[in-house]
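J.: There's a structure below that I have some questions on.
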Amino acid sequence: MLKKILYYFSNYEFYSPFYAKKIFSILSKKKKIIFLLDVNSERQEISFFCYHDIVNACEKKITSTGVFCWIKYENLAKLVGDIFPEETIILWQKGPFLFRVKKKTSVIELYDRMYPKGIIKDLWVLCDRNYSGDDNAEVLFSYICNNVNSPSKLKKVLFFKSGIITDAYSTKQREISLSIFKKLLKHCDLYISSQIDFDNLFFLSTGSKFIFLQHGVLHNDLSSWFNKKRISLLIVSSKMEYDMILSPCSKYRYTGREIAVTGMPRYDNLFLGRSVDKDLILIAPTWRNYSAGTRDMDNYIFSWRAILNSPVLSAIVDDRKMEVVFAAHPMLQKYLNENMDFPSFVRVKTDNETYGGLIKKTELLITDYSSIAFDVGFSHGVTIYYQFDRDSFFSSGVIKNNEDKKAFNYIRDGFGPVVDSLPEFEKTLPEVFLSGYKRKYIERAREFFEYNDANNSSRTLQAINSIRNSLDGSTCD
């Protein structure tokens, strides 16, 4: 029997085991530890991380640092005994506070003590950003409204955007306060979103399940960001993403139980819009974690000003009669729009324009690291990756370059050429419009995605229903 075990719960976040291992080593003094991640009482299974191998796991992923796995209650009981020994350290996080339990407590009793009684069965809350939609949650909500025939279930499927809540049954819009929205999050059965920020996840109860539709294709290492969240289902669009997460070399804590290769719902609209005439150059730099006025931010502004004011770009736009739209990342939109020097042939994306509408018309995307490149590739456009600050970008925050050689590589796997300077950009720009050049990258994009059709929303809903079936047999169909 293990002499000392650390069980750790969280209602909105838990630290990465790779960080927590430092804390555990102090507490355990080289004794074996189990790091409890989640409990599925309906299937009588527990998900946890440990620093030694576990036999009889239902689903497990072995990494260089330990094992992530799902295991049946009875198998865990054989391993450590269902009743905690008195000397066990039991800690869990509820909000920002840590609680300690010293008396004998069973795994089920401890979880039930935290499991809120106010979860409303079949209450689904869908949301992209609180102030905007036009992403996977809104597209999936629209699909549910048009394709699900179950009035009792539809009344509990809600979409929130800009202070407006819409139910899938009546599709009537009602204005609600942010405090009411927080209460919906607290009591919802499923929270379904394209965003993974703490803004909304903070308010979820322990019993709520988070379905992460993703904001874009996962191509950089975001494990330090993802691992802090309790994701019940993670939607991906390619075999490469699936393999990257489950690879023994990866730092992601998830097993195959939490991953579904369905394609993102918004790709349905892009597939149907492939035949649209493409006469647009979209310039879309991604966000930075730089502060205004710093040397890094000044270099960022200077580098993109140089692209916007390139005479080669101006000549191509004039010769091919193309439109150029600048679309900054929402987190930097206001700052960049105020500090860029836009030439007369470049216009700024308006609030009324959707990214999906722009991408359908995009023949060429100019970006640095944005996952919009995958949307453009899916829509049969080409990308130039302008990566002038590659080293500083991957060392400045939560986004890291992939160490796994099988994971996404911009040069080997990207949907267009990679350049790191203005002269190289201006040399490459005329070449991307050559038919043979474009065909190469369009074919690469076609091979990258697991599905090239308009059934992504359908598959995503089936995957969510599978999660619900595993919990209590209820589905939305």
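The values are calculated or read from the model by the stated rules, or taken from the named source; none is laboratory data. Predicted, not measured: the structure shown is a model, and the values here were computed from it. All Cβ positions, glycine included, derive from the backbone under ideal geometry; neighbour counts span all protein chains shown. Ligands, DNA and RNA are excluded from the accessible area calculation, which covers all protein heavy atoms including side chains. Shrake-Rupley method; radii C 1.70, N 1.55, O 1.52, S 1.80 Å.
J.: Give the residues of the stretch 232-243 that are of a type outside the set (S, T, Y) and open to solvent by less than 10 Å² (accessible area, probe 1.4 Å), sorted by residue number.
T.: The answer is L233, L234, I235, V236, E241.
J.: Among the residues of the stretch 173-192, is there at least one that is at pLDDT 80 or above, open to solvent by 80 Å² or more (accessible area, probe 1.4 Å) and among the hydrophobic types (A, V, I, L, M, F, W, C)?
T.: yes
J.: Give me the residue from the stretch 193-209 that is farther than 18 Å from I464 by Cβ and not hydroxyl-bearing (S, T, Y) and, out of that set, modelled with the lowest pLDDT.
T.: So the residue we want is F198.
J.: Just checking, does the stretch 370-381 include any residue being of a type in the set (V, I, T), in a strand (DSSP E or B), open to solvent by less than 20 Å² (accessible area, probe 1.4 Å) and within 17 Å of T286 (Cα to Cα)?
T.: no
J.: Here is a further query. Could you name every one of the helices (runs of 4 or more DSSP H) located completely within the stretch 409-464 that has at least 3 residues being out of contact with any strand residue (DSSP E or B) (no Cβ under 8 Å at 6 or more places or on another chain)?
T.: Here the list reads 422-428, 435-448.
J.: Specify the residue that is farthest from the chain's Cα centre (by Cα); the eligible residues are those in the stretch 144-166 that are closer than 23 Å to N200 by Cα and surrounded by fewer than 18 Cβ atoms within 10 Å (Cβ to Cβ).
T.: Applying the filter and picking the extreme gives K155.
J.: Also: Within the stretch 317-364, which residues are of a type outside the set (D, E), under 20 Å from V382 (Cα atoms) and free of Cβ contacts under 8 Å to residues at least 24 places away in the same chain?
T.: G357
J.: Can you find even one residue in the stretch 195-205 that is in contact with a Lys or Arg (Cβ under 7 Å, 6 or more places away or on another chain), surrounded by fewer than 20 Cβ atoms within 10 Å (Cβ to Cβ) and closer than 27 Å to D268 by Cα?
T.: yes
Each row is one residue, and each column tells you yes or no for (1) among the basic types (K, R); (2) open to solvent by 30 Å² or more (accessible area, probe 1.4 Å).
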position	(1), (2)
R412	yes, yes
L422	no, yes
F425	no, no
L434	no, yes
Y441	no, no
A463	no, no
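J.: Would you be able to tell me the number of residues in the stretch 140-156 that are part of a helix (DSSP H, G or I) and polar (S, T, N, Q)?
T.: Here the count works out to 4.
J.: Just one of V317, V325 is within 15 Å of F342 (Cβ to Cβ) and in contact with a Lys or Arg (Cβ under 6 Å, 6 or more places away or on another chain); which is it?
T.: V325 is the lone residue from the list that is within 15 Å of F342 (Cβ to Cβ) and in contact with a Lys or Arg (Cβ under 6 Å, 6 or more places away or on another chain).
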